[in-house]
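Quick note: the coordinates plus some simple rules give every number you see, no bench work behind them. Nothing here was measured: the structure is a model prediction, and the numbers come from that model. Glycine gets a Cβ as well: all are built from the backbone with ideal geometry, and neighbour counts include every protein chain shown.
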Amino acid sequence: MLTPFKATATALLTALCTVTLTGAIPPRLSSEALAQNRSTFSTPSTPAESSIYDQAREDLSPNLYMLYRIVERIARANGLTGHPWRVVVADDTLINAYATEVNLVIVHFGLLDQMAGDISALACVVGHEMAHHTERHIAIRTSRVADWQEEARSSNSREFQERMAKLAREHEEEADAIGYEYSVTAGFDPSGCVRGLEMLSRLPGTMRDSATHPSVPRRIESIQSLIDATPPEVLRSRGHLGLTTSDPLSYEMLEDKEWLRINSARGGSFVEDWNRLFPDEIIDPNFSPPEKDEEPATVESGE
Ligand SMILES: [Zn+2]
């Protein structure tokens, strides 16, 4: 069920509009697209990487697999492996993605459909949502809103709304800039952000500033300035270092396979972490508690 996420979703949206699509199943990313990505930033994979990635390819749907690879790559290239990340594909036609709760990124099917074949545009969106988390935008916004609501009782609510909108747009600009940096550092095409935003500019209401986002033309202009100001090669070489000096991040499907957890560099097992910390008190990783309805063992009693 996606209801809990929807209920707690904040308004950190990449777009605010509902666009009905045909609901067609997106094609798998072509081998040419993947080969193109490899050719722009080639990182030889080690046997450990191969086995985790091969297993993921078997376990996950094509879209979720690609989201795993994007998040995992961005996290390792940018040193964001200290905490787990979470990804959900929302099965509807909204052209949207957002950040909510803690390290949770929701990507709607409609967005995947419109970005099919453009892994760099998708990586830019994912980087943008990850940036909302790393910059603590949700927490900052919640605490500022609480402060301003207090003040608004003695002032006018219009000023409160304007402050909220200004803060939201500032956060979006920051997430755009950091999302660009994250995705390019991980080796994705710098123009992916521009292509993604151009697609969003076809949605109604995106050509001017809204209460939550700057206008898309202004966002594209900012990305162009970033491309000019920070040569992508510099970011890529930084990312290359991060990728070649870290191990692949493992993953786990949780809650009836409705969200994908991409584990931190520590892995996803409390038992393994315990065993690293207390080598003299090793816990069997395969230990499992007895079934609840199992008959208790009978004890023979002498009479
Ligand atoms: Zn955003």
Item to complete: Scan the range 195-208 and give yes if some residue there is within 16 Å of the ligand (Cβ to nearest atom), over 30 Å from residue 76 (Cα atoms) and surrounded by 19 or more Cβ atoms within 10 Å (Cβ to Cβ), otherwise no.
Response: yes
Worksheet item: If you go through the range 215-238 one residue at a time, do you hit one that is farther than 20 Å from residue 123 by Cβ, among the small types (Gly, Ala, Ser) and within 15 Å of the ligand (Cβ to nearest atom)?
Response: yes
Discussion item. Condition (residue is of a type in the set (A, V, I, L, M), over 12 Å from residue 186 (Cβ atoms) and surrounded by fewer than 20 Cβ atoms within 10 Å (Cβ to Cβ)) applied to the range 73-88: is it met by at least one residue?
Written reply: yes
Discussion item. Given (1) assigned to a loop (DSSP other than H, G, I, E, B); (2) buried (at least 21 other Cβ atoms within 10 Å of the Cβ); (3) not hydroxyl-bearing (Ser, Thr, Tyr), identify the lone condition not met by residue 127.
Written reply: (1)
Worksheet item: For the range 81-104, what are the residues that are free of Cβ contacts under 8 Å to residues at least 60 places away in the same chain and closer than 26 Å to residue 239 by Cα?
Response: 102, 103
Worksheet item: Any idea how many residues of the range 236-259 are part of a loop (DSSP other than H, G, I, E, B) and among the small types (Gly, Ala, Ser)?
Response: 2
Fill in: In the range 132-181, the residues that are crowded, with 16+ Cβ neighbours inside 10 Å, of a type in the set (Lys, Arg) and either within 15 Å of the ligand (Cβ to nearest atom) or closer than 30 Å to residue 119 by Cβ (or both)
141, 169
